[in-house]
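Let me give you the structure first, and then I'll get to my questions.
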C-alpha cells in the first residue's frame, strides 16, 4: 500500500515538496516554508482472541460479523485502531467491549503481525470471557457468534491477519500450549489452506 500523498503542511499550510531530509535515506514530504517533515508511519491495530469455557471442556471463540466496510458481512475477531493515550492491551480490551459487549480478562500478547501492504502492525491478545450472557454487538457488528474449532467459518473470515491468528490458535489449542507468534502477512494468505491441511 503506497504512503498517502501529503500536499499541504499540517503546521503552516504551505505546499509540501518531496525530498530526502539530511541524514536520511528515503523521500519524505517536506515543507519549504517552515522545514516541517511529514513522517508517515504504520498504524497499530489491536484485538483479542476472546475464548469462552462453557464448563464442558470445549473452548469456544467469539467472532464478530462486520456491519461496515471493508468486508461487510464477513466474520472477524474484535479488533480496531489503537487510540492515543492507550496501551496496546487497553486498546484491545476496549475494541472487544465495543464490538461485542463481552467482558474479558486479558491473558497476554498472542501475535504480532506485520501487514506491510496495509502499512499496519496487528497485535492480538488472548482473552478469557468472564460472562457469556448479555452480549451487545456494537454499531460496527451485525452479530456475535461463539464457535468451536470445527465451526470456524474459514471461507467467511474477513481479513488475512485474522485468519492467520485463528489458524495459529487452532494449532496451539491442539497442542495444549499457547506461545507468542510473529509473522508477516500478505494478501495471498487470505486464500491459504485450512489449518488442518498442514501443521507448521
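Just to confirm my filter: which strands (runs of 3 or more DSSP E) fall fully inside the stretch 102-151 and include at least 2 residues that are more than 23 Å from residue 179 (Cα to Cα) and touching a residue at least 40 places away in the same chain (Cβ under 8 Å)?
Because the criterion is at least 2 residues that are more than 23 Å from residue 179 (Cα to Cα) and touching a residue at least 40 places away in the same chain (Cβ under 8 Å), the strands (runs of 3 or more DSSP E) in the stretch 102-151 that meet it are 141-147.
As an exercise: evaluate residue 55 against (1) assigned to a strand (DSSP E or B); (2) out of contact with any strand residue (DSSP E or B) (no Cβ under 9 Å at 6 or more places or on another chain) and give the number of the one condition it does not meet.
Looking at each condition in turn, residue 55 falls short on (1).
A further question on this structure: Look at residue 40 and say whether it is in contact (Cβ under 8 Å) with a residue 40 or more places away in the chain and part of a strand (DSSP E or B). Reasoning before the result, please.
Working: in contact (Cβ under 8 Å) with a residue 40 or more places away in the chain: yes; part of a strand (DSSP E or B): no.
Spelling it out, it is not the case that residue 40 is in contact (Cβ under 8 Å) with a residue 40 or more places away in the chain and part of a strand (DSSP E or B).
Next question. Answer yes or no: is there a residue in the stretch 2-17 that is assigned to a loop (DSSP other than H, G, I, E, B), touching a strand residue (DSSP E or B) at 6+ places or on another chain (Cβ under 6 Å) and under 30 Å from residue 103 (Cα atoms).
no
I'm trying to understand the selection: among the residues of the stretch 1-16, which are surrounded by 14 or more Cβ atoms within 10 Å (Cβ to Cβ) and modelled with pLDDT of 95 or more?
9, 16
What is the number of the single condition among (1) surrounded by fewer than 16 Cβ atoms within 10 Å (Cβ to Cβ); (2) modelled with pLDDT of 95 or more; (3) more than 30 Å from residue 57 (Cβ to Cβ) that residue 82 does not meet?
(1)
Next question, about the same structure. Of 189, 123, which residue is modelled with pLDDT under 95, in contact with a helix residue (DSSP H, G or I) (Cβ under 6 Å, 6 or more places away or on another chain) and closer than 18 Å to residue 49 by Cβ?
189
So which of 162, 112 is under 15 Å from the mean Cα position of the chain (by Cα), exposed (fewer than 15 other Cβ atoms within 10 Å of the Cβ) and at pLDDT 95 or above? Walk me through it before giving the result.
On the way: 162 fails: exposed (fewer than 15 other Cβ atoms within 10 Å of the Cβ).
After applying the criteria, what remains is 112.
Please give the number of the condition residue 95 fails out of (1) in a helix (DSSP H, G or I); (2) at pLDDT below 95.
Tallying (1) in a helix (DSSP H, G or I); (2) at pLDDT below 95, residue 95 fails exactly one: (2).
So which residues in the stretch 40-65 are closer than 19 Å to residue 120 by Cβ and either modelled with pLDDT under 95 or surrounded by fewer than 19 Cβ atoms within 10 Å (Cβ to Cβ) (or both)?
Residues satisfying the conditions are 40, 41, 42, 43, 44.
Further question on the same structure: Yes or no: the stretch 66-82 includes at least one residue that is farther than 16 Å from residue 127 by Cα and over 28 Å from the mean Cα position of the chain (by Cα).
Looking only at the stretch 66-82, we keep the residues that are farther than 16 Å from residue 127 by Cα, and these are 66-75, 81-82.
So of that shortlist, the ones also over 28 Å from the mean Cα position of the chain (by Cα) come out as none.
Scanning the stretch 66-82 turns up no residue that is farther than 16 Å from residue 127 by Cα and over 28 Å from the mean Cα position of the chain (by Cα).
The values are calculated or read from the model by the stated rules, or taken from the named source; none is laboratory data. Just so we're clear, the structure is a prediction, and the values are computed from it rather than from any experiment. As a convention, Cβ positions derive from the backbone with ideal geometry for all residues, glycine included, and neighbour counts pool all protein chains shown.
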